[in-house]
1. Residues in region B:79-90: is at least one more than 24 Å from B:ALA135 (Cβ to Cβ), in a loop (DSSP other than H, G, I, E, B) and over 26 Å from the mean Cα position of the chain (by Cα)?
2. Name the residue, out of B:GLY352, B:GLY337, that is crowded, with 23+ Cβ neighbours inside 10 Å and out of contact with any Asp or Glu (no Cβ under 7 Å at 6 or more places or on another chain).
3. Does any residue of region A:244-267 turn out to be part of a loop (DSSP other than H, G, I, E, B) and hydroxyl-bearing (Ser, Thr, Tyr)?
4. Select from region B:81-134 the residues that are of a type in the set (D, E, K, R) and open to solvent by less than 80 Å² (accessible area, probe 1.4 Å) and list them in ascending order.
5. Residues that are of a type in the set (S, T, N, Q): list the helices (runs of 4 or more DSSP H) wholly contained in region A:124-219 that include at least 3 such residues.
6. Taking region A:53-76 only, how many residues are under 22 Å from A:PRO159 (Cβ atoms) and at the interface with chain B (Cβ under 8 Å from one of its Cβ atoms)?
7. Give region A:175-197 a look and list any residue that's open to solvent by 10 Å² or more (accessible area, probe 1.4 Å) and at pLDDT 90 or above, or say none.
8. Sort through B:LEU279, B:LEU264, B:LEU270 and tell me the only one that's without any contact (Cβ under 8 Å) to a residue 60 or more places away in the chain and either open to solvent by 10 Å² or more (accessible area, probe 1.4 Å) or assigned by TED's automatic domain parsing to the domain that holds B:ALA341 (or both).
Amino acid sequence: MLEANALRKSYGKVVALDGVSLRVGEGETVGLLGPNGAGKTTTVSIIAGLLRPDSGEVLIAGSPLRGDTDPIKRKIGLVPQDMALYDELSALDNLSLFAALYQIDRATAKRAIAEALDLVGLANRGRDKVETFSGGMKRRLNLAGALLHDPQILLLDEPTVGVDPQSRNAIFDNLETLKQRGKTLIYTTHYMEEAERLCDRIVIIDHGKVIADDTLAGLHRMLPVTNVLAIELETPDGLRLEQLRTLPEVQSAEIREGVLRIGVHNLAINTPGILKWLAEHGHPYQHLGSERPNLETVFLTLTGRSLRDS
Amino acid sequence: MNTAFWALVRKDLRLFFSDRRAVVVGLLVPIICGSFFGYLFGGRKGETEVSRMLVLVIDQDQSDVSAAIVARLSADKNLAVKPSTLEAAQVAVRKGKATVAIAIPKGFGAAAGRALFYSGATKPELRVLYDPSHAMESGMVQGILSGAVMQSVSGEMFSGKGGREMVNQSLAEIDAAKDMPGADKKVMRDLLGSVQALNQQQDRAQTAGQPQPATGMSMPYETRAEAVTSGSGIQYNGYAHSFGGMGIQFILFMGLDVGIRLLLLRKSGLWQRLRAAPLSRSVLLGSRAVSAAMIAAFIMLVLFAFARLVFGVRIQGSLLGFLGICAAFSLMTAAFGLMVAALGKTVEATRGISIMVTLIMVMLGGAWVPAFIFPRWLQKATLVVPTRWAMDGLDAMTWRGLDVSAALPPIAVLLLFTAAFGMVAVTRFRWEADG
């Protein structure tokens, strides 16, 4: 359905994309995961025709995008990261305008607007000005604005930025509905939970390069550890991580958000030895738990940095 | 194309009118400014009082001549004459409370009379103190003063008491003069004898109760000022110019706002949404230009409608020409806004520079003060500014009352500027969204 081949884009001396390639099949949901500045938005902008790559090409249903007025653009719906709404106009007026941009006739537009508002749960707020909406409602309307011309591919550039958990769930529900309808979704985010919940396949981008492209299970297989022991110490001060990492039971060790996270092969076999070592070195624990490794761990493993720190 | 184009135009118009308070203020400010400047620059004929210039007179002579000079100055409709002392007058002029002060020194009347007949006599001095910021008014007062002095001195010399005494005294001096040639004595005796005979004739007539003709010198001409306008009975209306000027200024600011908003739009998700749609660049920029031009025309028409209803401003010339100039200026404003958006980098820097450019265009275009006040070289130099053509065109179609042919050059020039600005906008516009 969509193919991007060796995309390169520079802004002066800054290389934003350095040979990004990806393929997305029909009905597939692909997450573009990476820290801020990794090149996700640039990739989406090139696919949507907003930016011209320095080299490389984008094929939509096998055809390259040619010029501003190329009808192939009708196959794409863009949900920009920044809110793309006129606050002074009503939701209906906003959507009517967006429908007109795609030359949709009045009757079809009316039907499409009603369906889109219904999907995002704003059917009863159509006549209200957008400036009266909450952040979450605006995000949902932002999504609705990309659906009116019934695109086959939806480009979603961090569509949940700055929304409360309830609205985020509502947006996920909307996206899952669209997925069920067979839409192809390309979803950029730096929230690993979102990518894990929604995506069939995940492309990890860092410093303008694709560093991994696989299903969630496939990415997990790349990990050297399969379990994480999460230990809340009474006091982590003075803990010598380098010494801890030398233990045969320990695959990896780091302190993040005050919690000591230790990668182990087998929780049952490796945990007693680690707890004994901690007690002997004056670090009693308050709480003990375990975590499955997630995309954050994958990113950490691949880049040596955490998603949030990048 | 049409659906998207007109949808974008409608959207811009809706956005403009959605903020009613901004619309009202946007119209109210030029109306207030236009009314104020129109009143200052003459308003409607008969509406504004002639502002008399304060002139202080220090009469140290206290003679019939000086009294006559003060009376003649006081009779002039342009002057408000008040007696003063030299010290008080100096303070008043220095503080700018009075424009001019005239000091008539002691003995001025007699000395001026002698100087009138004998070129070799010492001429008395009139001190004229003036505010250097009003040099032009000082020149006008000196002109009026010359006329008043000539009339007063000659009148006194030919028929006044002092003049008679001077004639009698001069005849005696001539008879007693030993070094004056005989021929000269005869000529002077004849001249002064004639004056004496005229005085005696007037005395007899006065005794008999007959009317006295004016004596002395007088101005040998009268002036009749006549404003040349589009027709008889049609008066100059200062509001026509001021409303045109303020309309041009605030419409340019609106155009500036269009450019700034476009700059801001380029940084927003909306720009990405618009660019993601299958729309040509001409639709995106053209729709903004058309909506801006429509708003500009609306502002101009509302301002002139107000001026028509409240101040009686009329399109004395061609209505078609007037509408043509409004349309051409509106298009030029829209293109100006697009050019600002194309050349601007940051909003803050663009706003500062473009406000300065706009104010210079407004100032040089004659929107604040009519261009005919400018020095000749500046009048020619400002023809490179589009606002000058717009102002001249609006003046021509309103109070000058010229026909449509006078509107064609301004329309053509404004359309040329529109094309030039539009060309810069299209070629320099950065279409890729700011990352």
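The values are calculated or read from the model by the stated rules, or taken from the named source; none is laboratory data. Because the structure is predicted, anything quoted here is derived from the model rather than measured. So basically every Cβ, Gly included, is an ideal-geometry build from the backbone, and we count neighbours across all protein chains shown. Accessible surface areas use protein heavy atoms only, side chains included; no ligands, DNA or RNA. Shrake-Rupley method; radii C 1.70, N 1.55, O 1.52, S 1.80 Å.
1. Residues of region B:79-90 that are more than 24 Å from B:ALA135 (Cβ to Cβ), as a first pass: B:83, B:85.
If we keep only those that are in a loop (DSSP other than H, G, I, E, B) as well, we get B:85.
Subset that is over 26 Å from the mean Cα position of the chain (by Cα): B:85.
Yes, that holds for at least one residue.
2. Values: B:GLY352 fails: crowded, with 23+ Cβ neighbours inside 10 Å.
Every option except B:GLY337 fails the conditions.
3. Of the residues in region A:244-267, the ones part of a loop (DSSP other than H, G, I, E, B) are A:246-251, A:257-258, A:265-266.
If we keep only those that are hydroxyl-bearing (Ser, Thr, Tyr) too, we end up with A:246.
Yes, some residue in region A:244-267 is part of a loop (DSSP other than H, G, I, E, B) and hydroxyl-bearing (Ser, Thr, Tyr).
4. Pass one, region B:81-134, residues of a type in the set (D, E, K, R): B:82, B:87, B:94-95, B:97, B:106, B:114, B:123, B:125, B:127, B:131.
Across region B:81-134, the qualifying residue is only B:ASP131.
5. On the way: elements: A:135-144, A:165-180, A:192-198.
Helices (runs of 4 or more DSSP H) meeting the threshold: A:165-180.
6. Total satisfying the criteria: 3.
7. Applying the first criterion (open to solvent by 10 Å² or more (accessible area, probe 1.4 Å)) to region A:175-197 yields A:176-177, A:179-183, A:190-193, A:196-197.
Of everything in region A:175-197, those that are open to solvent by 10 Å² or more (accessible area, probe 1.4 Å) and at pLDDT 90 or above turn out to be A:GLU176, A:THR177, A:LYS179, A:GLN180, A:ARG181, A:GLY182, A:LYS183.
8. Being without any contact (Cβ under 8 Å) to a residue 60 or more places away in the chain and either open to solvent by 10 Å² or more (accessible area, probe 1.4 Å) or assigned by TED's automatic domain parsing to the domain that holds B:ALA341 (or both) holds for just one of B:LEU279, B:LEU264, B:LEU270, which is B:LEU270.
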